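Take a look at the structure set out below.
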Amino acid sequence: MRVWRAHTSMGPLSLTPYPLPKAAAATYCCCFHYGFPIKSNNRRKVPCAISIRCCASASASKFNNKNKTCQAEPGIDNFVVVNFYRFVFIKDPQHEIAKHLTFLKGLDIHGRIYINEQGINAQYSGPFRDAFAYVEWLKEDEKFSDVLVQTSPALNGHAFPKLKLRYKPSLVQLEGGISHLPLLDPSMQAKAIAPSEWRKRLEAVNDKSYILLDVRNGYEWDIGHFHGAQRPDVDCFRSTSFGLSPTEGVASDQLSQVDKEKTDILMYCTGGIRCDVYSTILRQQGFQNLYTLEGGVSHYLKTEGPVKWVGNLFTFDSRLSLPPSAYNHEGIIKASTTQHAFDSDRFGKCYVCGSQVSELRHRNCANPDCNFLFLCCANCVMDLRGCCCYNCTTAPRCRPVLPGFQRYKKWHVYRDLPVQAQAQ
Ligand SMILES: [Zn+2]
Ligand SMILES: [Zn+2]
């Protein structure tokens, strides 16, 4: 039986390794084998793209004011996904956590909110009213008053199974931890470029004096990336090693032959946190001209639309990916008159047959001992019964094919099923 290397993670925000079943420990990385079943909530409607544009820039107090109307205003019961982080010194993290837990009591918030001495990292889902009540409360603390809060539509109720709000030694999982990194020292950070400036730089025809560095995982690049960014040879952010190669000319390391003092490095990730962390490592390695995309791709898609971007944006929750239109309705309308929209629709390729159809989505291989996270078209899902390849279809245990956006449940649910009962 073919064994795939470990390659999945829950990305920048929650990389806690789960206890793994012994038989599969060697082939699993982090969390994707615990597929999150999407909970449906019939009473709530999915907010449209316009309403998300609106809610992303509005405060909760505005929406709590029923006299104020906004044409594209979302219902306060509509579910949204919220992301934010802030590196800031927190003297007493346990006290901070207790405060947050007290405030969130009674609010319908699911997600991962981690706090330590270096700051906070949060991604959660909830009805609009609750999601933004928390943001408003947080911003009353001057440490967090100007935190960049990003929202996107939840597809069907919560995008996370439950709330985890706790102390975590590393806000981002990286080999060796990040507590020793100078994350709070401005001189060690990259220069943040606003999305509009970033766009100008990418659009400048004669400016090829930079390296565009995708600081994410390869499977995220597969579903969408900036034009000109090379696919990162990275399966899990914790093992990212750009610029760390001991010898020059390592093909997988895009920075191995770069002039550290002269070349501009333009780094981007989903929401900015991975770049903020990794840029301090590159600074320590002597890279002088480091730039990051402020607020990451999600912020860029909201303000600039999918200009110079192809495909969708991978998300580390039950949605798995979102089209650019989820972030910016106007942007996608503008882009529809250009080639960008077409490129976006036809960008991803089925890992199995290579076809470029619009109905592609990430899914985990039905063979639980493989669990490869792969992009697959609907035809190949049927042909291979949810497996990533023909070899996996002959595996002793195979999970059933799940329809739509459903994700596999926890490992033990399938481990305990008799083999025959699992055959399709
Ligand atoms: Zn296919
Ligand atoms: Zn497989």
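What follows draws every value from the coordinates through simple rules; no lab data is involved. What you see is a predicted model, and the numbers here were worked out from it, not measured in a lab. Cβ placement follows ideal geometry from the backbone for every residue including glycine, while neighbour counts extend to all protein chains displayed.
Counted by neighbouring Cβ atoms within 10 Å, the residues 85, 327 run from fewest to most as 85, 327.
By counting other Cβ atoms within 10 Å of each Cβ, how are 162, 168, 302 ranked from fewest to most? All intermediate terms of the calculation are to be shown ahead of the outcome.
Working: 162 10, 168 20, 302 24.
Going from sparsest to densest Cβ surroundings: 162, 168, 302.
Look at 290, 402, 184 and count the other Cβ atoms within 10 Å of each Cβ; fewest to most, that gives 184, 402, 290. Taken over segment 186-345, the convex hull of the Cα atoms encloses 111 Å³ per residue. Long-range amide H contacts for residue 80: which residues qualify at under 5 Å (H placed 1.01 Å from N, peptide plane, sequence gap of 5 or more or a different chain)? So residue 80 has HN proximity to 126, 128, 154. Here's the picture: charge each Lys and Arg Cβ at +1 and each Asp and Glu Cβ at -1 in segment 186-345, and of 206, 187, 284 the one pushed furthest to the positive end of that dipole is 187.
Normalising by residue count, segment 79-237 has a Cα convex hull of 152 Å³ per residue. For residue 213, the residues whose amide H sits under 5 Å from its own are 266, 267, 268, ignoring neighbours fewer than 5 places away on the same chain, with H placed 1.01 Å from N. In plain terms, the bigger the Kirkwood radius, the slower the diffusion; for segment 83-161, with that radius from Cα pairs, at 25 °C and 0.890 mPa s, Stokes-Einstein puts D at 190 µm²/s.
The charge dipole of segment 84-141, taken about the Cα centre with unit charges on the Cβ atoms of Lys, Arg (+1) and Asp, Glu (-1), comes to about 80 debye, rounded to the nearest 20. Annotated for segment 186-345: lysine pairs at least 8 residues apart or interchain, Cα distance under 22 Å, count 16.
What is the magnitude of the charge dipole of segment 186-345 about its Cα centre, with +1 placed on the Cβ of each Lys and Arg, -1 on the Cβ of each Asp and Glu, and no other charges, expressed in debye to the nearest 20?
Working: 16 positive and 20 negative charges, 57 e Å.
Dipole of segment 186-345, to the nearest 20 debye: 280 debye.
Only one residue of 224, 297, 316 has its Cα farthest out toward the positive end of the dipole of segment 186-345, where Lys and Arg carry +1 and Asp and Glu -1 on Cβ, and that residue is 297.
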